[in-house]
1. Return the residues of the range 244-274 that are modelled with pLDDT under 90, charged (D, E, K, R) and either surrounded by 14 or more Cβ atoms within 10 Å (Cβ to Cβ) or in a helix (DSSP H, G or I) (or both); say none if nothing qualifies.
2. Quick check on this structure: which one of Ala146, Ala132 is closer than 30 Å to Glu268 by Cα, in contact with a Leu (Cβ under 7 Å, 6 or more places away or on another chain) and not in a loop (DSSP other than H, G, I, E, B)?
3. Hey, can you tell me all the residues within the range 209-229 that are part of a strand (DSSP E or B) and touching a helix residue (DSSP H, G or I) at 6+ places or on another chain (Cβ under 7 Å)?
4. Within the range 199-212, is there a residue that is closer than 16 Å to Leu279 by Cβ and open to solvent by less than 30 Å² (accessible area, probe 1.4 Å)?
5. Taking the options Leu299, Leu234, Leu281, name whichever one is within 21 Å of Gly183 (Cα to Cα), at pLDDT below 90 and either of a type in the set (Gly, Ala, Ser) or not in a loop (DSSP other than H, G, I, E, B) (or both).
6. Have a look at Ala167, Ala206 and point out the one that is small (Gly, Ala, Ser) and within 21 Å of Leu123 (Cα to Cα).
7. Residue by residue through the range 168-180, note down the ones that are within 19 Å of the chain's Cα centre (by Cα) and buried (at least 20 other Cβ atoms within 10 Å of the Cβ).
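The values are calculated or read from the model by the stated rules, or taken from the named source; none is laboratory data. From a predicted model like this one, the values you see are computed outputs, not experimental measurements. In this analysis, Cβ positions are derived from the backbone assuming ideal geometry, glycine residues included, and neighbour counts consider all displayed protein chains. The area values use the complete protein model at the heavy-atom level, side chains included, leaving out ligands, DNA and RNA. Shrake-Rupley method; radii C 1.70, N 1.55, O 1.52, S 1.80 Å.
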Amino acid sequence: MIRAADLYLAEVLGRIRLVGVDVSTTTLFAPSRPAPAAPATDPDRVIDWAAVQPFGDTGQQGAPEVRLRTSHEGLNSPATGRAGRLVGGPAPKRAQELLAALTPDEAADALEEMQPEDLAQLLREADPARAAELVAWMEPDEAADALRDLPTEHRNELLQLMPADKAAPLLELLGYREDQAGGFMTTTLVVGQQRDSAAEVADRLAEARHHDVDIDAVAVVDSEGRLVADLPLLDLLFALRKKPDARIGSLVDREDLVTVGPNAPVIEVAKQLVEARRLSLVVVEDEKPIGRILADDVLDALVPTRGRFHFPRLFE
């Protein structure tokens with residue numbers, strides 16, 4: 001949760017009103033002193049009070065808790081911190097209320113940012129149907145991690161409550177050990193055939209925009225579905241600017257292809273990424289793509305006790 005370091009007051013229509021909240025650590029730990037000697041304020045660390053509204057039980061005595069009034073993309077801004085930290089901070093009831101106020105995509109983002117122990121506790125204490133719904137919103141690799149932290153009986157209950165198309169990829173991931181490539185890959189893939197145009201593949205990417213954090217390239221396959229190349233999104237972007245009808249088969253470098261099998265240990269995956277200087281690689285089985293692993297997924301697998309790592313995304 002956010003700790004207020006200072007309050008900003010201003011005269012508005014003849015009355016003194018609260019207009020902002022400083023949440024910077026510089027202000028919090030600075031001793032009180034006259035304004036000329038006070039540290040400079042960082043505007044990015046001040047929350048506009050107009051963007052705040054009551055949250056929780058407003059009928060009780062005393063001041064209610066507050067949350068953002070505006071759209072919840074602000075939860076990920078520097079001034080408010082990660083949404084997952086907000087959800088992980090309150091008591092379980094308040095965390096459930098905050099999740100209920102978010103859209104499915106926002107709730108999934110919040111859950112994926114939570115520390116594993118906080119997420120496991122939230123799922124254990126939630127109604128099973130609600131917990132299954134929350135996990136189904138998450139990216140497959142993150143959802144599989146969350147399910148692994150639950151008792152087997154509870155995990156199976158949630159899987160049974162999910163739609164079949166959501167449960168199937170999770171069961172596939174759970175079939176591998178968490179230190180194997182298949183255990184921490186994401187099954188979210190954008191695939192294009194060599195004959196597809198750059199514009200057609202771009203449309204496919206637009207349809208998968210809700211999974212953008214797990215997509216940094218397009219898996220290019222032949223007519224039999226076998227992987228022949230991995231096209232970075234930046235190369236696709238350049239092609240779209242120059243020649244949108246260019247076939248993606250003509251844009252790829254087959255020698256740049258980096259793959260591992262689903263049973264590859266995490267150390268081998270890390271070695272492949274380092275040697276290739278890539279941010280992701282493709283997991284293949286029988287020469288066909290079944291998943292993708294990003295660099296932060298490798299870090300999560302290598303350092304499981306440090307919580308979740310998230311590298312800046314290409315178009316964030």
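1. Within the range 244-274, Arg254, Glu255, Asp256 qualify.
2. Values: Ala132 fails: closer than 30 Å to Glu268 by Cα.
Being closer than 30 Å to Glu268 by Cα, in contact with a Leu (Cβ under 7 Å, 6 or more places away or on another chain) and not in a loop (DSSP other than H, G, I, E, B) holds for just one of Ala146, Ala132, which is Ala146.
3. Residues satisfying the conditions are Ala217, Val218, Val220, Val228, Ala229.
4. no
5. Checking each option against the conditions leaves just Leu299.
6. Ala167
7. Of everything in the range 168-180, those that are within 19 Å of the chain's Cα centre (by Cα) and buried (at least 20 other Cβ atoms within 10 Å of the Cβ) turn out to be Leu170, Leu173.
One line per residue, one yes/no per condition, for (1) charged (D, E, K, R); (2) at pLDDT below 80; (3) loosely packed, with under 14 Cβ neighbours inside 10 Å; (4) out of contact with any strand residue (DSSP E or B) (no Cβ under 6 Å at 6 or more places or on another chain):
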site: Ala5; (1), (2), (3), (4): no, no, no, no
site: Val12; (1), (2), (3), (4): no, no, yes, yes
site: Ile16; (1), (2), (3), (4): no, no, yes, no
site: Asp22; (1), (2), (3), (4): yes, no, no, no
site: Pro36; (1), (2), (3), (4): no, yes, yes, yes
site: Pro39; (1), (2), (3), (4): no, yes, yes, yes
site: Asp42; (1), (2), (3), (4): yes, yes, no, yes
site: Phe55; (1), (2), (3), (4): no, yes, no, no
site: Gln61; (1), (2), (3), (4): no, yes, yes, yes
